[in-house]
1. Kindly evaluate residue 130 against the criterion of being outside any loop (DSSP other than H, G, I, E, B) and of a type in the set (Ser, Thr, Tyr).
2. Counting only residues that are small (Gly, Ala, Ser) and within 23 Å of residue 163 (Cα to Cα), which one in segment 205-239 is surrounded by the fewest Cβ atoms within 10 Å (Cβ to Cβ)?
3. Do the conditions hold for residue 114, that is, is it assigned to a helix (DSSP H, G or I) and closer than 20 Å to residue 165 by Cβ?
4. Inside segment 178-197, can you point out the residues that are touching a helix residue (DSSP H, G or I) at 6+ places or on another chain (Cβ under 8 Å) and within 16 Å of residue 97 (Cβ to Cβ)?
5. What's the number of the only condition in (1) farther than 26 Å from residue 81 by Cα; (2) touching a residue at least 60 places away in the same chain (Cβ under 8 Å); (3) small (Gly, Ala, Ser) that residue 154 fails to meet?
6. Which residue out of 198, 202 is closer than 30 Å to residue 175 by Cβ, surrounded by fewer than 22 Cβ atoms within 10 Å (Cβ to Cβ), modelled with pLDDT of 85 or more and in the same structural domain as residue 130 (by TED's automatic domain parsing)?
Amino acid sequence: MKNEMRTGRKRREITAIVLRYVMIFVFMLPMILPVLWMLSTALKDNAGVFATPPQFIPKVFQWGNFKEAVIQSKYLQRFGNTLFIAVLCIIGSILSNFMVGYALARFKFKGRKMWFYLIISSMMIPGMTTVMPVFRFWVAVGAYGTWLPLILPAWLAGPFNTFLCKQFLSTIPRSYDEAAKIDGATYFQILSRIIMPLSKPLIAYMAVSTFQGSWNDYMNPLLYVISKQDKWTLALGIARLGSGTFGIEWNVYMAADILYFLPILVVFFIFQDYFMEGLGSMTAAGVK
């Protein structure tokens, strides 16, 4: 009887595992198929792209499309531009949001709740409504045609990341701060040597999300550096790729797209453990 119960339990566990992986595969298929089709197109020649019926696996792999994509998109130069902007945005976002979140979570001052609610309420303002006034501001201060409009906003603390920092830092016991003050530590030392090392999951999440947002930013480069090709980012350069007299070379375009999103994929896979840990920690902080 016991053996039959154990056998039945094992069968149910195996069935549950199989169903779980089948469901994962079913939900994953709509997301991975476009990527596979993109890769298939990137490895075809011009005739194979428009072949009827469509060929999912090319007869001959055209690896030269990737080399052509690098040349036509000026990939290396614009990769350097995009990486430079993204790194500065990551540094600025982490520093500014931590300082504002630390002040809201640790300091008691008049109007603290009002400022916190104002910061949170600013998330309800649609971004498109501020495009024109912000554009006119950057033009007025002479920043049009530079990377300043792409970098400086990250150094001014965003409402969502400020909210995350404030909520996360509120979960760290104040006794750490008090012990550090007794040892003569300043507020900056407490933040840099105690609070931030304890907030590695949050830092990882902010770094990955800021990198993704900066890397995928198309509208701001289109607004501010469209007239300066030497300052173009990858998003802007690849969007302009292949639009010539005879239309778009879809195989080269898809190869460029793969090279474009590859860095984001690599960064996510490297930091995915910290990223998921950060999401879990912030969820716990939000529940508290």
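The values are calculated or read from the model by the stated rules, or taken from the named source; none is laboratory data. Since the model is a prediction, treat every value here as computed from it, not as a measurement. Glycine gets a Cβ as well: all are built from the backbone with ideal geometry, and neighbour counts include every protein chain shown.
1. Details: outside any loop (DSSP other than H, G, I, E, B): yes; of a type in the set (Ser, Thr, Tyr): yes.
Taking the combined requirement at face value, the residue satisfies it.
2. 213
3. Numbers: assigned to a helix (DSSP H, G or I): yes; closer than 20 Å to residue 165 by Cβ: yes.
So residue 114 passes the test.
4. Matches in segment 178-197: 191, 195, 196.
5. Failed condition: (1).
6. Sole residue among the options that is closer than 30 Å to residue 175 by Cβ, surrounded by fewer than 22 Cβ atoms within 10 Å (Cβ to Cβ), modelled with pLDDT of 85 or more and in the same structural domain as residue 130 (by TED's automatic domain parsing): 198.
For every residue, the table says whether it meets (1) under 30 Å from residue 212 (Cβ atoms); (2) of a type outside the set (Lys, Arg).
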| site | (1), (2) |
| --- | --- |
| 9 | no, no |
| 21 | yes, yes |
| 27 | yes, yes |
| 47 | no, yes |
| 74 | yes, no |
| 80 | yes, yes |
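Residues checked against (1) of a type in the set (A, V, I, L, M, F, W, C); (2) within 30 Å of residue 142 (Cβ to Cβ):
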{"position": "182", "(1), (2)": "yes, no"}
{"position": "196", "(1), (2)": "yes, no"}
{"position": "214", "(1), (2)": "no, yes"}
{"position": "220", "(1), (2)": "no, yes"}
{"position": "225", "(1), (2)": "yes, yes"}
{"position": "233", "(1), (2)": "no, yes"}
{"position": "254", "(1), (2)": "yes, no"}
